[in-house]
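The values are calculated or read from the model by the stated rules, or taken from the named source; none is laboratory data. Computed from a predicted model, the values in this text were never measured in an experiment. We place every Cβ from the backbone using ideal geometry, glycine too, and count neighbours over all the protein chains shown.
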Amino acid sequence: MSDSGEITREIRINPIVPTESVLIATARGMRPKEAEERLERDTRAVVDTCPFCRGNEDRTPPSIKSYPDSGDWDIRIVPNLYPVLGDDRAQPNIAFGLQQVIDGYGRHEVVIDNPNHGIALHEMAPRHLADLFTVYQQRMAELYESDPRLRYVLVFKNFGAAAGASIPHTHSQIIATPVVPENVQNEVHHSREYQSKFNQCVFCSLIDEALTYEATIYDRESGQIRRKVNVGQYVVERGEHFVAIKPFASRFEWEIHILPLKHQADFLKASRTEMDDFARVLRRTMARLDKVVGGVQYNFFLHSVPHGLEFDNCQASYHWHLEICPRTSIPTGFELGSGLFVSTVSPELAAELLRNADIDGD
Ligand SMILES: [Zn+2]
Ligand SMILES: [Zn+2]
Ligand SMILES: [Zn+2]
């Protein structure tokens, strides 16, 4: 049953990071964009002037890696021309009263994830997508091994101008930093607390809940139904090893998380068979988003257990995942000032629309 006609106004707490919350404020008439409002995107396969297109390799710094390593490349890693972090400085950390500064030491690389200039993720071959995520795994492992000062390797993608992509050719980025980003730190911290209280992984609990939970919540006084939670209500897509979930409390209207069904803390431990299934789930999820949102612009980022001694005890509590955040609205002053994100589409409705989207192939 859909609650699409209902007006919802409630603050939901993120179960993984309880300090984060979202205001779900839906109203009649607030509907996802119609198909005819699809955002235009650059779908050209080759652009002569593009530095990331095949044949223009001399317009980027020399490759760090190419896959395959001879002949035409399918995936290429190059240093970022405008890195936000660099490995060329060795100045010590600065402490001046309360103003602590950690040197911007690190690595910043670009992954040209397909030779086809304007291809969208859901248009890529499943095998290519599995290769891409395998390339991420290999490069992440190399970066962790290359320098013990690098504490976290973040893989992310900005797709579309609204998501901050400055070059239209499809690409993703790898940033290796000497600090663990706050978002990951918060997830690591809270999931460790959950584990010590309940002796289980909070992400696994959420998956179990999404796949098995069923409940009706009644109003204490009137006895009327306040909310119904159905089995699979938050599930958008499911494979043999992975599930795509619309989080109950998500910052972005169309945000989706993909997680391994079996507990696994470290993305680097996923096998090739698992990557094949992951690629299929990701591709179908992106096809659903494209169908429902229309020419979706998004960020995705990989969250995996950080490397380093103090994270060795997080193997049971942390659970790697890919967060996909479509950018359909710009944060308002209220959101930036309060830290409270506002979502105008209820997660239940979003999940239902995505699940029911008519996509072809597998
Ligand atoms: Zn290009
Ligand atoms: Zn788990
Ligand atoms: Zn996360």
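For the stretch 245-271, name all the residues that are among the hydrophobic types (A, V, I, L, M, F, W, C), over 13 Å from residue 14 (Cβ atoms) and in a loop (DSSP other than H, G, I, E, B). Matches in the stretch 245-271: 254, 261, 265, 270.
Mind counting the residues in the stretch 311-362 that are in a helix (DSSP H, G or I) and touching a residue at least 24 places away in the same chain (Cβ under 8 Å)?
12
If you take the residues in the stretch 272-328 that are of a type in the set (Asp, Glu) and out of contact with any strand residue (DSSP E or B) (no Cβ under 6 Å at 6 or more places or on another chain), which one is farthest from residue 146 (Cα to Cα)? Among those residues, the one meeting the criterion is 290.
Listed here are the residues, each with its yes/no results for (1) away from ligand 1 (no atom under 16 Å from the Cβ); (2) surrounded by 20 or more Cβ atoms within 10 Å (Cβ to Cβ); (3) of a type in the set (A, V, I, L, M, F, W, C).
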| site | (1), (2), (3) |
| --- | --- |
| 238 | yes, no, no |
| 242 | yes, yes, yes |
| 258 | yes, yes, yes |
| 271 | yes, no, no |
| 284 | yes, yes, no |
| 287 | yes, yes, yes |
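Restricting the first member to the stretch 268-294 and to residues that are under 15 Å from residue 351 (Cβ atoms), and the second to residues that are surrounded by fewer than 21 Cβ atoms within 10 Å (Cβ to Cβ) and of a type in the set (Val, Ile, Thr), the beta-carbon pairs closer than 7 Å and six or more apart or on different chains are 284/359; 288/359; 291/359; 293/328.
Scanning the stretch 156-206 for residues that are within 21 Å of residue 263 (Cβ to Cβ), more than 14 Å from ligand 2 (Cβ to nearest atom) and not hydrophobic (A, V, I, L, M, F, W, C) yields 183, 185, 186, 189, 193, 196, 197. Taken over the stretch 278-303, the residue count meeting the criterion of being modelled with pLDDT of 95 or more and either of a type in the set (Ser, Thr, Tyr) or within 25 Å of residue 314 (Cα to Cα) (or both) is 6. The residue list 150, 143, 206 contains one member that is more than 18 Å from the chain's Cα centre (by Cα), farther than 24 Å from residue 68 by Cα and either charged (D, E, K, R) or surrounded by 14 or more Cβ atoms within 10 Å (Cβ to Cβ) (or both), which is 150.
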